[in-house]
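Okay, so here's the structure we're looking at.
The values are calculated or read from the model by the stated rules, or taken from the named source; none is laboratory data. Here the structure is a predicted model, which means the values were calculated and not measured. In this analysis, Cβ positions are derived from the backbone assuming ideal geometry, glycine residues included, and neighbour counts consider all displayed protein chains.
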Amino acid sequence: MKDFKRLLKIEFRRIFSNKVLLAIFFGAPVLYGFLLGYVYSQAKVINLPIIIVDEDHSPVSDRLIDAFEDNEAIKVSDVRYTPGKIQSEMPLNEYIAVVNIPKGFEAAILQKRHPEVRVDLNMVNILNANTASKNIQAVLMTMNAGIEIEGLKKQGMPPALALEAYESFSINFNKMYNATGNYLTFMLPGLLAAIMQQVIFLALALVFARDFEDGYFRELAGRHKWAFYHIVLKAVPFLILIPFMWAVVSRFLPYFRIEAEIFSIPMLILTTLLTLASMGIGMLFSMVFPNQLKATELLMVISTPAFILSGFTWPSLAMPPAITAFAEIIPVTHFLNGFRKVAFYGGGISSISHEIFMLLLIFTGSLFAMLVLLQWKIKKTRKKALVTSEEDLPGEN
């Protein structure tokens, strides 16, 4: 035990002597937490620029333009009376939509000829296009209903009956779990989890690779022959440091006023298993590739697309089976599935049993592979050291 404590102190010194590792481990989660939090702090898209081409110049078209100007999500950048060459302006102004009000619009409405309002959507950015489309449609439908009800009232129908005649049934949307459609609430938790996984991957990818490079592994192998001892020795410093970083990262949610139940036993279990599974994969790569640069580069191949493959944004059901299968071996995939169930739906341990099982499977699988591989490396190193020492002995006279 005394020897273990001494070696543990050496591990801490080796960790804190690596300035790049410290910058990534302590700096990246905090930096990206603030950066991403403020990127999405507006929480929803507003003031999307649109153009209205009003070829009618009528009181009805003026009311329609006023209705668009009252909508928070869209901004009427310009009102024109002829189409012109709007496409030539797109590289500079990037309008999200062009609303075309045809000539004779008001007259056609009064004559019940059902004129068409054409909306040209800029689909380069799907998020902006969908937001603009939803809000433009809401304005047009509201205006359409208002004009229809007004027409019925002019025909002598009482206001209450006019409303009933137009609206055969009412629609009531009850938005649950992020009722305001807050984009920050949707994105930030998943991004923070992906960042923490990446940080753990990169930090643990260096633990054995560095020892192999500078020869320190020969000393460790000479002191203890069991792989489990060395795995515990390397893991303990990070098992002390990582909870501290999780505590820091978790404060971003209340700081940015994200309503999610994250301080609970099920969430603690998920976070612990994500940490262990990520540590397992990072350490395994550190053993398989005894070069710090190669180990970190290959782990980046896994960690960089992890958030996209997790199904947190683009649904897994829409991905090819091969990609979905690959995503199953990435710890953050199961963490985010469980996070959604616990933090937003209020689920308990039973609701995340599959995610717990998969994270345990990843951890135990990587641990078994580490034990086998490291034991072989220790045996090989000790045998080589023994042969070298025998060769260095003076020969018999």
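Below are the figures for this structure:
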| quantity | calculated |
| --- | --- |
| Residue that is modelled with the highest pLDDT [pool: residues in region 209-231 that are among the basic types (K, R) and exposed (fewer than 15 other Cβ atoms within 10 Å of the Cβ)] | K225 |
| Region 17-63 - residue that is surrounded by fewer than 14 Cβ atoms within 10 Å (Cβ to Cβ) and among the hydroxyl-bearing types (S, T, Y) and, of those, modelled with the lowest pLDDT | S41 |
| Qualifying residue in region 376-383 (condition: of a type outside the set (S, T, Y), assigned to a loop (DSSP other than H, G, I, E, B), modelled with pLDDT under 95 and surrounded by fewer than 18 Cβ atoms within 10 Å (Cβ to Cβ)) | no |
| Exclusive hit being in contact with a strand residue (DSSP E or B) (Cβ under 9 Å, 6 or more places away or on another chain), hydroxyl-bearing (S, T, Y) and surrounded by fewer than 16 Cβ atoms within 10 Å (Cβ to Cβ), set S88, S77 | S77 |
| First in region 362-383 and touching a residue at least 40 places away in the same chain (Cβ under 8 Å), second anywhere and of a type in the set (K, R) and not in a helix (DSSP H, G or I), Cβ under 9 Å, 6 or more apart | Q375/K225; I378/K225; K379/K225; R382/K225 |
| Within region 131-161, considering residues that are among the polar types (S, T, N, Q) and assigned to a helix (DSSP H, G or I), the one farthest from K44 (Cα to Cα) | N144 |
| Matching residues, region 277-324, being in a helix (DSSP H, G or I), closer than 30 Å to I126 by Cα and of a type outside the set (S, T, Y) | M300, V301, I302, A306, F307, I308, L309, L317, A318, P321, A322, I323 |
| Residue satisfying condition, being at pLDDT 90 or above, surrounded by fewer than 19 Cβ atoms within 10 Å (Cβ to Cβ) and either polar (S, T, N, Q) or not in a helix (DSSP H, G or I) (or both), within set T333, T272 | T272 |
| Unique residue being under 18 Å from A295 (Cα atoms) and either of a type in the set (D, E) or buried (at least 18 other Cβ atoms within 10 Å of the Cβ) (or both) when the list is L206, L192 | L206 |
| Of all residues making up region 107-123, the number that are out of contact with any Pro (no Cβ under 7 Å at 6 or more places or on another chain) and outside any loop (DSSP other than H, G, I, E, B) | 6 |
| Candidate set from region 64-74 (those that are assigned to a helix (DSSP H, G or I) and not acidic (D, E)); member that is surrounded by the most Cβ atoms within 10 Å (Cβ to Cβ) | L64 |
| Residue match in region 280-287 (condition: surrounded by fewer than 19 Cβ atoms within 10 Å (Cβ to Cβ) and among the polar types (S, T, N, Q)) | no |
| Looking only at region 137-169, and only at residues there that are among the polar types (S, T, N, Q) and modelled with pLDDT of 70 or more, the one that is surrounded by the most Cβ atoms within 10 Å (Cβ to Cβ) | N144 |
| Selection from region 242-261 of residues that are touching a residue at least 60 places away in the same chain (Cβ under 8 Å), surrounded by 18 or more Cβ atoms within 10 Å (Cβ to Cβ) and in contact with a helix residue (DSSP H, G or I) (Cβ under 6 Å, 6 or more places away or on another chain) | M245, V249, F252, F256, I258, A260 |
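Condition check ((1) more than 19 Å from Y216 (Cα to Cα); (2) touching a helix residue (DSSP H, G or I) at 6+ places or on another chain (Cβ under 6 Å)) across all residues:
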position: M1; (1), (2): yes, no
position: F4; (1), (2): no, no
position: I10; (1), (2): no, no
position: A23; (1), (2): yes, no
position: A28; (1), (2): yes, yes
position: L31; (1), (2): yes, no
position: F34; (1), (2): yes, no
position: A43; (1), (2): yes, yes
